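What follows is calculated from the coordinates using simple rules that are stated; it is not laboratory data. What you see is a predicted model, and the numbers here were worked out from it, not measured in a lab. We place every Cβ from the backbone using ideal geometry, glycine too, and count neighbours over all the protein chains shown.
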Amino acid sequence: MSLQTQLEAYLTRTLGAQAVVTDLSRIPGGASRETYRFDVEVGGELKRLILRRDPVGSLIDTDRRLEFLAFRSFFGSGLPVPEAVALEEEGAELERPFFIMGRIDGGKAQSPFTLPPYGEHAEAIGQQFYSHLGAIAAAAPATLPIADVAPIPALDGCWKKELDYWEGVINEDEQHPQPIVRACIRRLRANPPPPAQKLSVVHGDYRTGNFMHDGAGKIIALLDWEMAHIGDPLEDLGWAMEPLWCYGETDRVSGMVPRAQAIAIWEQASGLTVDPVAFAWWELFASVKGQAIWTSAAKEYRAGGFKDPVLALSGWYTARRQDVILADRLAALEALS
């Protein structure tokens, strides 16, 4: 039975009227979900939707209910977040777990591997990018649907929870010795950051490439919440400002705005203050996390489970670039010690 037929059967049953699915197509990329766009007509009404279905295997182990509730937590909040429509953890007619969300058309996502994309709109996009991230940090997670499933760490335990997880990924997936990232992990453990100022929803992958913009200076959708959790909001800021997403620029983070301006925008929107010592820890952590992801990409590509050439690039070029970033950051921190 085709995926289109399965979708029509599911939607007909759950919506209570005959559903006709058209324009079903796979969206390339994605390490943790198969992603499809499609239209469905039910009772004369046309809905534009996205299907996120668990693959047979997954590069990044994530919780589909948590991702679904992350969308539900921020839809209608003033942030450009798609609507979470339906979740089926047993697979129903589609045989594998999935969820369906609203589709926002008319925008484009930018790959971090291309030239700076924003041109004259870079500052406007940067203002929104860091302001939206600050708004996520400002929200009280206990009041949001995501709190129903996300573990709540202690303020002084956020760092260890995340470092333990990503070091575990490296332990499990590395194919060769990685002395640079291991030295950085030792540095992080020996010098833990101050406790989080507050607990926030952490998007987990907030960066260039994971939002859509209209090409005229407006962000229209914040996507890819599959690594969302509750933790220290500085984690997201460090990941957003990771040098890998800077297109080789040295004066603008994320290829958008200068570093000091990005921090100021985030502070104003979040109501928080960036402590330099804590942030230095989270910036180094971001690069360790990146290396963990590229380590998994390399393993999966070599094993043949994922044939996407982006994984080969991630496990080769991106991993080596990440090593340079890690070494530079470690050297700078050691010089201050």
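Where does the chain land at 222 nm, in deg cm²/dmol rounded to the nearest 500, when only DSSP H runs of n ≥ 4 count, each adding -39500 (n - 2.57), divided by all residues?
After summing the helix terms and dividing by residue count, I get -13500 deg cm²/dmol.
Calculate log10 I(q)/I(0) of the chain for q = 0.12 Å⁻¹, where I(q) comes from the Debye formula with a single equal point scatterer on each Cα and nothing for solvent.
Values returned for q = 0.12 Å⁻¹ are -0.88.
Can you tell me the mean projection area, over all orientations, of the convex hull of region 140-273's alpha carbons? Units nm², please.
Orientation-averaged projected area of the Cα hull: 10.0 nm².
Give me, ordered by chain and number, the residues 5 or more places off LEU24 or on other chains with an amide H under 5 Å from its own placed amide H.
It is ASP39, by chain and number.
What value does region 67-123 have for Rg/Rh, both radii from Cα atoms and Rh as Kirkwood defines it?
Looking at region 67-123, the ratio lands at 1.13.
Which three semi-axes in whole Å describe the equivalent ellipsoid of region 60-209, each the square root of 5 times a Cα gyration tensor eigenvalue, listed largest first?
28, 23, 20
Roughly how big is the chain's charge dipole about its Cα centre, with Cβ charges of +1 (Lys, Arg) and -1 (Asp, Glu), in debye to the nearest 20?
380 debye
Using amide H atoms built in the peptide plane, which far-off residues or other-chain residues are under 5 Å from VAL85 H to H?
Amide H neighbours of VAL85, under 5 Å, 5+ apart: ILE100, MET101, GLY102.
Sort region 3-102 into rounded, prolate or oblate with this rule: let a ≥ b ≥ c be the square roots of the eigenvalues of the Cα gyration tensor; rounded if a/c is under 1.5, and if a/c is not under 1.5, prolate when a/b is larger than b/c, oblate otherwise.
It is oblate, given that a/c is not under 1.5 and a/b is not larger than b/c.
Take every Cα-Cα pair in region 243-337 and report what % of them are more than 17 Å apart.
Of all Cα-Cα distances in region 243-337, 61 percent exceed 17 Å.
Just check region 208-261 against the gyration tensor rule for me: Cα atoms, a ≥ b ≥ c as the square roots of the eigenvalues, rounded for a/c under 1.5, and otherwise prolate or oblate depending on whether a/b exceeds b/c.
Oblate shape, in that a/c is at least 1.5 and b/c is the bigger or equal ratio.
Which of PRO309, TRP225, GLY209 sits farthest toward the positive end of the charge dipole of region 108-336, with +1 on the Cβ of Lys and Arg and -1 on the Cβ of Asp and Glu?
Value: PRO309.
Using modelled amide H (1.01 Å from N, peptide plane; none on Pro or chain starts), what sits under 5 Å from the amide H of VAL253, excluding residues fewer than 5 places away?
HN-HN under 5 Å from VAL253: ARG259.
Residue by residue through region 80-88, which ³J(HN,Hα) values in whole Hz follow from phi under the Karplus form 6.51 cos²θ - 1.76 cosθ + 1.60 (θ = phi - 60°), with glycine and proline marked x?
Once rounded to whole Hz, the list reads x, 10, x, 6, 7, 9, 8, 10, 10.
Among ASP205, ASP23, ASP236, ASP156, which comes first, second and so on when ranked by fewest other beta-carbon atoms within 10 Å?
ASP23, ASP156, ASP205, ASP236
I need HIS121, HIS229, HIS176 ordered by Cβ neighbour count within 10 Å, fewest first.
Arranged by neighbour count, lowest to highest, HIS121, HIS229, HIS176 become HIS176, HIS121, HIS229.
Taking the Cβ of each residue in VAL253, VAL324 as the centre, tally the other Cβ atoms inside 10 Å and list the residues starting with the fewest.
VAL324, VAL253
Taking the Cα centre of the chain as the origin and placing charges on Cβ (Lys, Arg +1; Asp, Glu -1), which of LEU272, MET101, ALA298 is farthest toward the positive end of the dipole?
ALA298
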